[in-house]
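All of the numbers you see were taken from the coordinates with simple rules; none came from a lab. Computed from a predicted structure; not experimentally measured. Here the Cβ is made from the backbone with ideal geometry for all residues, glycine too, and neighbour counts use every protein chain on show.
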Amino acid sequence: MWRTEDTVRLQTRSGRDATAVWMDLALAGMQLPAGVVLDGEAIVYIAGRIDFGAAQSRANSTPARARVLAERHPGHYFVFDVLRHPAHGDTRGWSYVRRRALLEHLLEEYGMGPPIQAVPTTTDVELARAWCEALQPQGVEGLVIKVGASTYRGGSRQWRKVRHAETVDAKVVGHTGPASRPRALAVRLPDGRIALSQALKAAPSAQMAPFLEGAGPGRQARTGGGDRYRAVDVDAVVEVLAGTTRHAVVTVTRVR
């Protein structure tokens, strides 16, 4: 989230401008002082639980559709870090502890609250474990462990994620259903097995359609367990829940 002199710009990790589909958060961000750059994540709550599918649907919608979705389920912006401050300039070279203190002061000074709020943090291991268990029913995936002295290096995996169910990346090698609206994906797991995913939610199905439609007709194939799928050659990777791969059935959580 960038607060410029005149407006607020929201940008995805890949650099795409997402302001138009998260306009409710952009308007809330106007309370921040010009020159602030925050690192965070836009989420959607449904029935008291974080719904990543709903957030992906918003991110992939048109601006008009996004306005309708925002009226039904407003967005929230969880702030992880402050990367630039009007009084201090670029803060990425600061330690995390120092950046966190600046972030908390910034949000308090400008009266920020929901929908823009900092994620909770602690140095108490037992409290962190309690949070991990207590927040799981709300859709929280787990914890991120950061070194207090660490600087901010965008794009690097310098922090450790602890998830309730470990995930792995898997290469897409095929699908079931029409390419324009795939029902499931065939993926190659890190151990080499090819597995058929459980039914895709609307958002990842829509995200995969452009890859599959451009891959040609493909050929009929079967997984090691005998499930039929159409094999295609696509340059696509998805994140799957490793906890569901015991019987070569996977759950796609997001498209990389």
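Order by neighbour count: Arg84, Arg72, fewest other Cβ atoms within 10 Å first, most last.
Values: Arg84 15, Arg72 9.
With the fewest neighbours first, Arg84, Arg72 line up as Arg72, Arg84.
Take Ser14, Ser150, Ser61 and order them by how many other Cβ atoms sit within 10 Å, fewest up front.
Numbers: Ser14 6, Ser150 14, Ser61 18.
Going from least to most buried by this count: Ser14, Ser150, Ser61.
Starting from the Cα of Lys146, draw a straight line to each of the lysines and keep only those under 21 Å, dropping any in the same chain fewer than 8 residues away.
Lys161
Among Tyr110, Tyr77, which comes first, second and so on when ranked by fewest other beta-carbon atoms within 10 Å? Write down the numbers at each step before the final one.
Numbers: Tyr110 12, Tyr77 23.
Fewest-to-most ranking of Tyr110, Tyr77: Tyr110, Tyr77.
Give the angle, between 0 and 90 degrees and rounded to the nearest 10, that separates the Cα long axis of helix 125-134 from the longest principal axis of the Cα atoms of the chain.
Once rounded, one gets 60 degrees.
Read through the labelled values (1) 83, 39, 35; (2) 61, 41, 38; (3) 61, 44, 34 and report the label of the one computed as Cα extents along the principal axes in Å from the structure.
After the calculation, the listed value that fits is (3).
Under the 0.36 nm per residue contour assumption, what length would be gained going from the current alpha-carbon distance of Thr122 and Ala20 to full extension? Before the final figure, lay out the partial values.
Numbers: separation 102, 0.36 × 102 = 36.72 nm, distance 3.40 nm.
Contour length minus Cα-Cα distance gives 33.3 nm.
Which of the lysines could a cross-linker span from Lys171 if the Cα-Cα distance has to be under 20 Å and same-chain partners fewer than 8 positions apart are dropped?
Lys201
Taking the Cα centre of the chain as origin, sum charge times position over the Cβ atoms of Lys and Arg (+1) and Asp and Glu (-1), and report the length of that vector in debye to the nearest 20.
Value, rounded to 20: 940 debye.
Work out, step by step, the length gained on full extension between Arg160 and Arg228: first 0.36 nm times the residue separation, then minus their alpha carbon distance; give nm to one decimal. List each step's numbers first, then the result.
Details: separation 68, 0.36 × 68 = 24.48 nm, distance 3.70 nm.
Result: 20.8 nm gained on full extension.
Going 7 Å from the Cα of Glu104 toward and past its Cβ, which residues in the range 27-56 have a backbone nitrogen under 18 Å from where you end up?
39
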